[in-house]
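What follows is one structure encoded as structure tokens, with my remarks underneath.
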Amino acid sequence: MAHGALTAPLDPGETLRGARLFLGYNTLPDPPFPLAGFIEYEMDPRTAEYDLGSVLRLLTESFRAQPVPPEGAFDDGHRRSAAVMRVDAMVVVFPGRAFSPEHSPPARALWQNLVEGYYRDGDAEACAGAREALVGLGVDRADARVILLAERGPAGAHTQPERVGEYPEGTLYDLLGELLDAQYRWTRAAFGP
């Protein structure tokens, strides 16, 4: 799912300014319907003006504060769709910079700041040897985590996504996991188990 989200096409001529958020369905064992997939969660373009951690926190708070509609608020079609599409995973994709922490002390420090949520605008651009890339962070309800990176090649196209690290950790993963939990709980409360 993370690979699909990272390579999901944009509209012609569109460049990614902020984050894209994807919901993964039926990706864990024993799905209610034997078809896994993902859809993009529509994000307000103004979210690009804020840091990713703040956006994830705001979305989580919004889900937790959202009242569950009364029974009968959804038609049979919505209820059937919700019954067969269990929210199991989330992936957030955003423009970033590729760098090699294993070969550079500045890149290693930048990486540590990124995973701990201390990244500041301009840090990656200031890192010697950093290259344009798309970054995909993914989590699921079983606490599996992945980070994928697709560097922008000389011709402007992105390379094949590559997995980075074994079990990534950090603030952004924690926030994405909290958002996934809030989405899952709200969906279960609204549509039933």
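Answer with one residue from Ser104, Ala73, Leu10: the one whose Cα lies farthest towards the positive end of the charge dipole of the chain, charges on Cβ with Lys, Arg +1 and Asp, Glu -1.
Ala73
Taking the mean number of other Cβ atoms within 10 Å as a proxy for protection, how do you rank 73-80, 177-184 from highest to lowest?
Values: 73-80: 10.9, 177-184: 19.5.
Averaged packing, sorted descending, gives the order 177-184, 73-80.
Using helices alone, what [θ] at 222 nm do you get for the chain, with -39,500 (n - 2.57) per DSSP H run of 4 or more residues, divided over all residues and rounded to the nearest 500? Can you show the working numbers first?
Working: 6 runs with 65 residues, N = 193.
Here the helix-only value at 222 nm equals -10000 deg cm²/dmol.
Hey, any idea what the orientation-averaged projected area of the convex hull of region 100-157's Cα atoms comes to, in nm²?
5.0 nm²
Set Lys and Arg Cβ to +1 and Asp and Glu Cβ to -1, take the dipole of region 102-193 about its Cα centre, and tell me which of Gly117, Ile147, Cys127 lies farthest positive.
Result: Ile147.
Taking only Cα atoms, what is the 0 to 90° angle, nearest 10, from helix 105-116's long axis to the longest principal axis of the chain?
So the helix axis and the longest Cα principal axis differ by about 20 degrees.
Please give the contour-minus-distance gain from Phe74 to Gln160: 0.36 nm per residue of separation, less the Cα-Cα distance, rounded to one decimal in nm. Could the numbers behind the result be given before it?
Values: separation 86, 0.36 × 86 = 30.96 nm, distance 4.07 nm.
Going from the current span to full extension adds 26.9 nm.
Would you work out if region 17-103 is rounded, prolate or oblate? Take a ≥ b ≥ c from the square roots of the eigenvalues of the alpha-carbon gyration tensor; rounded if a/c is under 1.5, else prolate when a/b is larger than b/c, oblate otherwise.
Working: a/c = 2.79, a/b = 1.53, b/c = 1.83.
Cα axes put region 17-103 in the oblate bin.
Measure of size requested: the Rg and Dmax of the chain, with Cα atoms as the atom set and Å as the unit; please supply both.
In Å, with Rg to one decimal and Dmax whole: 17.7, 58.
May I ask for the distance between the Cα centers of region 161-193 and region 123-148, given as a whole number of Å?
With region 161-193 and region 123-148 each reduced to a Cα centre, they are spaced 15 Å.
Take each of the peptides 144-150, 158-164, 47-53, average the number of other beta-carbon atoms within 10 Å over its residues, and list them starting from the highest.
Packing proxy ranking, top to bottom: 144-150, 47-53, 158-164.
Of the listed peptides 105-115, 121-131, what is their order by residue-averaged count of other C-beta atoms within 10 Å, with the highest listed first?
By packing density, highest mean first, the sequence is 105-115, 121-131.
Helix 171-191 sits at what angle to the longest principal axis of the chain, using alpha carbons and giving 0 to 90 degrees rounded to 10?
It is inclined by approximately 10 degrees.
Any read-out appearing in this document is the output of simple, stated calculations on the displayed coordinates, not a laboratory observation. Please read all numbers here as calculations on a predicted model, not as lab measurements. Ideal geometry is used to build each Cβ from the backbone, glycine not excepted, and the neighbour counts take in all protein chains shown.
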